[in-house]
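Here is the structure we will look at, set down as structure tokens.
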């Protein structure tokens, strides 16, 4: 079942928001051990816009699922730490510099060996797609 459908099951009044009462009732039906007080605390913790309810994105965070675009952005930010030459690839030199910035000392040859492990197309650099596979 996709998460949107689960969200809609929790959203019993169809207003595209989950109240603490709706969360409490659904959890009660499923497990029976979430008090209304605990549901209120959860909603308050994950409510991003301060309206006292969970929107779909809040719900996704509550259940521990990061949105795909958020994952992509996080990966791009991580990739940018190592790709600093503006080429769109992680090279041995950019990897060596990034590791140095992180307090790790590695020579160019060591970095080339690291890149070889994740360089799926054999071009001597790590592309974003190869980085994504490496991080999966």
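Read-outs: derived from the displayed coordinates by stated rules, not from any lab. What you see is a predicted model; the values in this text were computed from it and never measured. Reconstructed Cβ throughout: ideal geometry from the backbone, glycine too, with neighbour counts over all protein chains shown.
Ordering 116, 26 by the number of other Cβ atoms within 10 Å of each residue's own Cβ, fewest first, gives 116, 26.
Could you work out the percent of alpha carbon pairs in the chain separated by over 23 Å, rounded to a whole number? Roughly 51 percent, rounded to a whole number. Over the range 3-62, all Cα pairs binned in 10 Å intervals from 0 give whole-percent P(r) values of 27, 60, 13, listed from short to long. Relative to the dominant Cα principal axis of the chain, helix 92-101 is inclined by about 60°. Between residue 2 and residue 75, the contour length at 0.36 nm per residue exceeds the Cα-Cα span by 23.9 nm. Here the spin labels are modelled as points 7 Å beyond Cα on the Cα-Cβ line, and at residue 99 and residue 35 they lie 5.3 nm apart.
Calculated mean residue ellipticity, 222 nm, the chain: -17500 deg cm²/dmol, from DSSP H runs (n ≥ 4) at -39500 (n - 2.57) each, averaged per residue and rounded to 500. Ranked by the mean number of other Cβ atoms within 10 Å of their residues, highest first, the peptides 2-8, 95-101 fall in the order 95-101, 2-8. If you wrap the tightest convex hull around every Cα atom of the range 68-135 and split its volume per residue, you get 81 Å³.
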